[in-house]
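Q: Got a structure here, written out as structure tokens. Questions coming.
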Amino acid sequence: MFSLTTQVVSEVAQRFANDGFANVGEVVSAGDLEVYRSIYDRLLSGDIKAGDKRSDLGSHVPLKEGVQENITQIMWPSALYPPLRDLPLHEKALSVARELIGADAELDFDMMIHKAPHASVATPWHQDAAYWVDMPDRRAVSIWVALDDAGLDNGCMWYVQGSHQQPIRPHRPTSDGKNIECDCSEEEPGATPVPVAAGGAVAHSGSTLHYSRGNTTDSTRRAYILNYRPAAMIQLERERGADHGLNENVRQVRNSGAKD
């Protein structure tokens, strides 16, 4: 079973608690990267059908000629291709999640977010919790896994340190009404880019402000994100009809302007 060393757990957990995010190091070995990239690319190409689980996080910006999406998002790749769950990442990410938010953490949902070469549209600033139904237990962590080197020029994540300890900001729909955004910028105090090498991951809480720049390079930026919360809260979500697109086809601002 994958496990972080005691010292690493302490350091990562402390950064996560203090900042709302933390680099957790390698979670996909060099030898497994091509396996994950191959599955990822099959989903992108349509060889593995995604149906209504595929959308454009950058749909508020007009598409260039010949471009299918500005920022491709595919929800539930592990449901679309169940063998993904049997590969090493799911066990490793679950172990990290339990170290960071508790032993009752389980996989809530997963997704792919892809920025093609020269897909220069930024992912808007937001907090994930603004998409979600309100929960009495708000522990949640997203494990953002880089399948390619992710840096400033191709869309590594930016976070605002300590923002998870503040009220959820008012969010509004993007100009096309399909996604959400809030007021924030790279100049905000505490805004920090987190470059990640291929196979590495960064964890962030559900209420941490984050965004990423567009990809202005000749290379692709493939990210695979696994999201965890307490098992009891997943059950409560499902009872309320929220499953992050597994069966529902709903993406909206659920808690716009909500306060912690």
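Q: Once you have all Cα-Cα distances for the range 110-260, histogram them in 5 Å bins from zero and send the whole-percent values.
A: 2, 9, 18, 22, 22, 16, 9, 3, 0
Q: Defining a contact as two alpha carbons under 8 Å apart and six or more residues distant in sequence, what relative contact order in percent does the chain show?
A: Values: 572 pairs, mean separation 77.2, N = 260.
Answer for the chain is 30 percent.
Q: If I take every Cα pair under 8 Å that is 6 or more residues apart in the range 35-153, average their sequence separation and divide by the length, what percent do I get for the relative contact order?
A: On the way: 100 pairs, mean separation 30.7, N = 119.
26 percent.
Q: So how much accessible area does R238 have, in Å² to the nearest 10, using a 1.4 Å probe?
A: 80 Å²
Q: Relative contact order for the range 120-205: what is it in percent, counting Cα pairs under 8 Å that are at least 6 residues apart? Could you put the intermediate results ahead of the total?
A: Numbers: 110 pairs, mean separation 40.3, N = 86.
Relative contact order for the range 120-205 comes out at 47 percent.
Q: Continuing with the same structure: Hey, what's the Kirkwood Rh for the range 96-192 if you take every pair of different alpha carbons, in angstrom? Walk me through the intermediate numbers first.
A: Numbers: mean 1/r = 0.0639 Å⁻¹.
Answer for the range 96-192: a Kirkwood hydrodynamic radius of 15.7 Å.
Q: Could you work out how far apart the two model spin labels at D137 and T192 are, taking each label as a point 7 Å from the Cα in the direction of the beta carbon, and quote it in nm?
A: Here the answer is 2.8 nm between the modelled labels.
Q: Shifting gears a bit: When the accessible area of the chain is computed with all protein chains present and a 1.4 Å probe, what percentage of it is carbon and sulfur? The partial results should precede the final answer.
A: Details: 5740 of 11290 Å².
Carbon and sulfur: 51 percent of the exposed surface of the chain.
Q: Still on this structure: Find the accessible area per residue for the range 1-130; the probe is 1.4 Å, ligands and nucleic acids are left out, and the unit is Å². The partial results should precede the final answer.
A: Numbers: 5910 Å² over 130 residues.
That works out to 45 Å² per residue.
Q: Build a GNM of the chain with springs between Cα atoms under 10 Å: which of G58, G241, G66 gets the top mean-square fluctuation?
A: Comparing G58, G241, G66 in a Gaussian network model of the chain, the most mobile one is G66.
Q: Still on this structure, please answer the following. Please give the Cα centre distance for the range 134-194 versus the range 205-236, rounded to the nearest Å.
A: Result: 8 Å between the Cα centres.
Q: Over the chain, what portion of Cα pair distances is larger than 33 Å, expressed as a whole percent?
A: On the way: 3790 of 33670 pairs.
Counting pairs separated by more than 33 Å, the tail of P(r) holds 11 percent.
The values are calculated or read from the model by the stated rules, or taken from the named source; none is laboratory data. All of these numbers come straight from a predicted model, not from anything done at the bench. No Cβ is skipped: glycine too gets one built from the backbone with ideal geometry, and neighbour counts run over all protein chains shown. Only protein heavy atoms, including side chains, enter the accessible area calculation; ligands, DNA and RNA are left aside. Shrake-Rupley method; radii C 1.70, N 1.55, O 1.52, S 1.80 Å.
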